[in-house]
Every structure is written in C-alpha cells, then in structure tokens.
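Presented below is the structure to which this report refers.
The values are calculated or read from the model by the stated rules, or taken from the named source; none is laboratory data. Nothing here was measured: the structure is a model prediction, and the numbers come from that model. Don't worry about glycine lacking a Cβ; one is built from the backbone with ideal geometry, like all the others, and counts go over all protein chains shown. We work out accessible area using only protein heavy atoms, side chains counted, and drop any ligands, DNA or RNA first. Shrake-Rupley method; radii C 1.70, N 1.55, O 1.52, S 1.80 Å.
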Amino acid sequence: MDLFDRLNARMAAKMVMPRPEDALPGRDTAICQQEPHFVLKRPIVPPFPESAETLILGMGCFWGAEKRFWSLDGVLITAVGYSAGYTVNPTYEEVCSGKTGHNEVVLVVFDPVVISLETVLAMFWESHDPTQGMRQGNDVGTQYRSGLYVSQSQISAAQASRDSYQKVLTAAGYGEITTEICEQSAFYYAEVYHQQYLAKNPDGYCGLGGIGLKFCS
C-alpha cells in the first residue's frame, strides 16, 4: 500500500464511529477546571437558572460554532466540549483520534422568555451544512458530524425544524439531512484554551459556514 492509499485509508477510518468496546477508557476526573466565560463574564458550569433551557449542538469545528451563539440576545452561556460518545472525560487529542465516539459540540444555555427554541434552532441550521455526514467542509471525522442533542421536551421541536429545513434544502437541490437528533447525554467541557477561542484569538481558524439558505418554519 503506497502513501496515497494509506492516507485514504486513514481518512476513511476517521469517518466510522468506533464500537463502544473499542473506545478509549478516559479518566475518572474532569480534565481541567473551567474559568468564567471570556465574553459573557458568567460561570460556564452549573448551576444555571432554573428557568433556562439548554441545547447541545454539533456543527463542525466548535470554535466557530460557539461564536454563532454567544452574541444572541437571551443566550446566557455558551461552552465548548465533547458529547454523544463513549469515553469519559476525554481530551481534545483523544476526540480527534476518532476513538472516543464524541462529537465536538457547543452547550447553549438560553432564557426561553427572551429567545425562543425555534430561533436557536434556526441559527443552528443556517450556520452549517447539515447534509455532509461525518464532516463539515475540510474538517473530516466523526467529531465533526451534525448533531442536535436535546431534552425530551425539545425532541418534537427539533425534529419539526429538521423537516422544515429539509424542504428548503430539497427545493435548492441539496440532499438529505444527516443530522443526528437524540436525547442529551454527558457533556464534557473542553480544555480552557478552547473556550470562546475566537474571542481570545480573533484571527483564529474558523471553517464554519452555512450554505446561505434561511430557515423557514
């Protein structure tokens, strides 16, 4: 097998979810303590206000994804981390290995009196291409898959928003949405340097980009 074939094989392997029994074991304690939100100046760890709702969103590289939400009126907290996989308290390097099953995600905590769930979901759909499977643009791997991780009370709204956006995509000639929609599982905070990365590093990499189609409910 030559170098080109080895690279292709490695790329293909990154796009396949590991089996739970093959996932890395992780560790018993969190990888680091978290600092207050760099932009919003609030703690990014619970407890959150009882009236608040949370969504966990996978949209590709979490640096750009988080930036989409912290400026929205009614969003109380954002944080980046890892979810929807198997490894306990994973590191960034472990997630990037493709051996944890986790997705790079953004935790969005919002006040539903100020901003509706539908508005947050609209930002999610409009800010990435949800038809790309295990990738987002040039970022390839299971950790870049599109995902909506919701509470039981949010599932119907999430599914309805997917169906609405599918109509928009189909009319524009795009394929089927590959976004996974499931109940929230453990959310593991990413390392501090990842949190609000593009506020700390304004010229940092951001490969996130929508496809220019507005969400219509």
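For the residues 93, 118, the requirement of being in a helix (DSSP H, G or I), without any contact (Cβ under 8 Å) to a residue 40 or more places away in the chain, open to solvent by 10 Å² or more (accessible area, probe 1.4 Å) and of a type in the set (D, E, K, R) singles out 93.
Any idea which residue in the stretch 58-78 is least open to solvent (accessible area, probe 1.4 Å), counting only those that are out of contact with any strand residue (DSSP E or B) (no Cβ under 9 Å at 6 or more places or on another chain) and more than 16 Å from residue 135 (Cβ to Cβ)? So, considering only residues that are out of contact with any strand residue (DSSP E or B) (no Cβ under 9 Å at 6 or more places or on another chain) and more than 16 Å from residue 135 (Cβ to Cβ), the one least open to solvent (accessible area, probe 1.4 Å) is 71.
Just one of the listed residues (186, 160) is hydrophobic (A, V, I, L, M, F, W, C), open to solvent by 20 Å² or more (accessible area, probe 1.4 Å), more than 12 Å from the chain's Cα centre (by Cα) and more than 18 Å from residue 79 (Cα to Cα), namely 160. Condition check: open to solvent by 10 Å² or more (accessible area, probe 1.4 Å) and out of contact with any helix residue (DSSP H, G or I) (no Cβ under 6 Å at 6 or more places or on another chain). Does residue 195 satisfy that? Considered against the rule, which asks whether it is open to solvent by 10 Å² or more (accessible area, probe 1.4 Å) and out of contact with any helix residue (DSSP H, G or I) (no Cβ under 6 Å at 6 or more places or on another chain), residue 195 comes out as no. If I filter the stretch 138-157 for residues that are without any contact (Cβ under 8 Å) to a residue 40 or more places away in the chain, under 18 Å from residue 84 (Cα atoms) and open to solvent by 30 Å² or more (accessible area, probe 1.4 Å), do I get at least one hit? The answer is yes, given that some residue of the stretch 138-157 is without any contact (Cβ under 8 Å) to a residue 40 or more places away in the chain, under 18 Å from residue 84 (Cα atoms) and open to solvent by 30 Å² or more (accessible area, probe 1.4 Å).
Residues of the stretch 23-57 that are within 11 Å of residue 80 (Cβ to Cβ) and buried (at least 21 other Cβ atoms within 10 Å of the Cβ): 44, 56, 57. Scanning the stretch 121-132 for residues that are buried (at least 17 other Cβ atoms within 10 Å of the Cβ) and either of a type in the set (Gly, Ala, Ser) or more than 27 Å from residue 52 (Cβ to Cβ) (or both) yields a total of 4. Only one of the numbered conditions (1) open to solvent by less than 80 Å² (accessible area, probe 1.4 Å); (2) farther than 22 Å from residue 143 by Cα; (3) at pLDDT below 95; (4) among the hydrophobic types (A, V, I, L, M, F, W, C) is not met by residue 1, and that is (1).
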